[in-house]
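Take a look at the structure below.
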Amino acid sequence: MAGRSLLFIPGPTNVPDRILRAMHRPQEDHRSPDHPTLVRGIFEDLKPVFGTTVGRAFVFPSSGSGMWETALINTLAPGAKVLVVRKGQFSHLFADICTRLGYATEIIDVEWGAATPPDRIAAALEADRQHEIQAVCVVHNETATGVTSDIPAIRAAMDTARHPALLFVDGVSAIASLDFQLDAWGVDASITGSQKGFMMPAGLGILAMSPKALARVADSTQPRGYFDLRPMIAANDTGYFPYTPSIPLLHGLREALDMLREEGLPAVIARHARLAGGVRAAVGAWGLSLCAKDPARASNTVSAIMTPEGVNAADVIRVAYQRHQVSLGAGLARMAGKLFRIGHLGDLNEWMILGGLGAVELALRDVGVRVAPGSGVAAAQGFWEAHPRPAA
Ligand SMILES: Cc1ncc(COP(=O)(O)O)c(C=O)c1O
């Protein structure tokens, strides 16, 4: 088909030409004396993206999921008790990896589409009088349902319960797109992958840890192999890795960090909020509803949109892809067929979103949802007219 296909899945996101060019280079010597300049700069510049000055960042050849494992095995005792809030497919997978690694996993189940309830975390921690729970694991932005949880409120609940558990936050579809403050919010580990807010191909797992979590690394008795942070820390301290790093991906990350710094993190976060507002205006104009129960917690990086009764969301996704060259995210697990997702994170602007919304309208009409042509597009334009870009 002629023209560009548009990517509106919530990751991988569009890779800007600048990042593609930065990665397109001959292979370099990862033991050269120049290598530490690249590596040290990346670690330094990752810190503000995670909102930390006192913590430490790590980069592994991995996807985001590997960083769940890295955070857990480097800080918790074997078989430790962990508390996980499950409210969508990714928090389900977070709980699943805890179980598979042998942790005693207590799960707070929440309706899919709701946010993490701080009061239920407080209640579970207050009931844990022996302080057996070593970590509370939550997903900041549940990509499966398009719901963002309130991490400071979760930290406040943990503080109210006077519980010493570590707070682990999955920031895969949040970091570098939504506000995140590891230090100020009292988060002990936050994880992501390169293919979302960092606008890169998948391939790097990125993790930031607080001093409290880092202090556990040396003493953890959990058997560790590839994801052991001890050799990683020793090598990173000298500007190298304990294995062969993917240098093109590191150059891509370097470029991504430059792009984020040039736009400015507050502007990046505001852009995501503005673009999401336009998408939500379109959804409203179509007469459809979000999976997110509370509009105040609807995600600024992904909108999960329920299809009307009798309309299989998988058909919308198929037609959008096959006839209109637009990739949409699918409903996952129990949401399969019930919703489709528009990812609006990474390297995007208003006109790109308008193209996606126009294609979604065509696809919806193709499968029999009688949205008025242009209604969502016009609503998004109206939203952006009322919420213009800040002056350059
Ligand atoms: C919130 C969340 N957590 C974890 C993951 C898994 O990340 P990865 O596919 O990079 O392993 C994803 C993937 O989309 C996600 O959205």
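A short reminder: the numbers here are calculations on the coordinates, not readings from a lab. This one's a predicted model, so the numbers in the text were calculated from it and none came from an experiment. Note that each Cβ is placed from the backbone with ideal geometry, even for glycine, and that neighbours are counted across all protein chains shown.
Just one of the listed residues (335, 259) is aliphatic (A, V, I, L, M) and more than 28 Å from residue 23 (Cα to Cα), and it is 335. Return yes or no: is residue 78 part of a loop (DSSP other than H, G, I, E, B) and within 16 Å of the ligand (Cβ to nearest atom)? Against the criterion (part of a loop (DSSP other than H, G, I, E, B) and within 16 Å of the ligand (Cβ to nearest atom)), residue 78 does not qualify.
If I ask for residues that are assigned to a loop (DSSP other than H, G, I, E, B), in contact with a helix residue (DSSP H, G or I) (Cβ under 7 Å, 6 or more places away or on another chain) and within 15 Å of the ligand (Cβ to nearest atom), which ones from the stretch 162-182 would you list? Break it down stepwise before answering.
So the first thing to find is which residues in the stretch 162-182 are assigned to a loop (DSSP other than H, G, I, E, B), and the list is 162-165, 171-182.
Within this subset, residues satisfying the condition of being in contact with a helix residue (DSSP H, G or I) (Cβ under 7 Å, 6 or more places away or on another chain) are 163, 165, 172, 175-180, 182.
Result: 172, 175, 176, 177, 178, 180.
Every residue, every condition in (1) within 12 Å of the ligand (Cβ to nearest atom); (2) among the aliphatic types (A, V, I, L, M), yes or no:
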{"position": "127", "(1), (2)": "no, yes"}
{"position": "131", "(1), (2)": "no, no"}
{"position": "139", "(1), (2)": "yes, yes"}
{"position": "152", "(1), (2)": "no, no"}
{"position": "184", "(1), (2)": "no, yes"}
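Which of the residues spanning the stretch 200-219 are within 14 Å of the ligand (Cβ to nearest atom) and assigned to a loop (DSSP other than H, G, I, E, B)? Passing the criteria: 200, 201, 202, 203. Scanning the stretch 115-127 for residues that are crowded, with 16+ Cβ neighbours inside 10 Å, out of contact with any strand residue (DSSP E or B) (no Cβ under 8 Å at 6 or more places or on another chain) and not small (Gly, Ala, Ser) turns up just one, 118. From the list 15, 39, the one residue that fits, being surrounded by 11 or more Cβ atoms within 10 Å (Cβ to Cβ), β-branched (Val, Ile, Thr) and not in a loop (DSSP other than H, G, I, E, B), is 39. Hey, does the stretch 113-123 have a residue that's free of Cβ contacts under 8 Å to residues at least 12 places away in the same chain, within 15 Å of the ligand (Cβ to nearest atom) and closer than 28 Å to residue 292 by Cα? So far as the stretch 113-123 goes, no, none of its residues is free of Cβ contacts under 8 Å to residues at least 12 places away in the same chain, within 15 Å of the ligand (Cβ to nearest atom) and closer than 28 Å to residue 292 by Cα.
Is it the case, given these coordinates, that residue 105 is part of a loop (DSSP other than H, G, I, E, B) and of a type in the set (Val, Ile, Thr)?
Details: part of a loop (DSSP other than H, G, I, E, B): no; of a type in the set (Val, Ile, Thr): yes.
No; evaluated as a whole, the condition is false for this residue.
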